[in-house]
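Chemist: Please read through the structure below; I'll follow up with questions.
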Amino acid sequence: MTLIPELKRRARHVVGPLIGSLLVAYFAYHAVEGDRGIRAWQRLDGEVAEARAVRDRLSGEQAAFEKRVSMLRPDGLDPDLLEERARLVLGFVPSDGLIMGSAVVPTARLAGLTSVRRTISAN
């Protein structure tokens, strides 16, 4: 009969620390696993590293394209590059030119012109 009052008396001493422990466990779990937790932070760091690698690769490609474009500007025109582009766009191969293997000009539309596909074999 004195069991229930004894349990009530002891429960008063246990409930406070139990609720406190549960709150600490809740916040600790979400500090690790939550949307802004440690694991999300690590995942975002990985994504940032991947994005930086892509940025560096694209910056290199952009620099290469800018160099090629600068060679096509009138003030610094590179004759070899101009000839290469003209042959590609027009599908032109000189009659006295020697091509090893098969020369294939893309059939896609370039600069509004339909390219011609030619293969030349050496005799």
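Every number here is computed from the coordinates shown, using simple stated rules; none is lab data. Values in this document were obtained by computation on a predicted structure and should not be read as measured data. No Cβ is skipped: glycine too gets one built from the backbone with ideal geometry, and neighbour counts run over all protein chains shown.
Chemist: Would you mind computing the Rg to Rh ratio of the stretch 3-91 from its alpha-carbon coordinates, Kirkwood style for Rh?
Modeler: 1.69
Chemist: Which one, Leu22, Val32, Leu77, projects farthest toward the positive side of the charge dipole computed for the stretch 3-91 from Cβ point charges (K/R +1, D/E -1)?
Modeler: Leu22
Chemist: May I pose another question? Treating the beta-carbon of each Lys and Arg as +1 and of each Asp and Glu as -1, no other charges, what is the dipole magnitude of the stretch 3-91 about its Cα centre, to the nearest 20 debye?
Modeler: Using Cβ point charges on Lys, Arg, Asp and Glu, the stretch 3-91 gives about 1000 debye.
Chemist: Calculate one ³J(HN,Hα) per residue across the stretch 20-33 by plugging θ = phi - 60° into the Karplus curve 6.51 cos²θ - 1.76 cosθ + 1.60, and present them in order as whole Hz with x for glycine and proline.
Modeler: Going residue by residue, I get x, 5, 5, 5, 4, 5, 4, 5, 5, 4, 6, 5, 8, 9 Hz, with x marking Gly and Pro.
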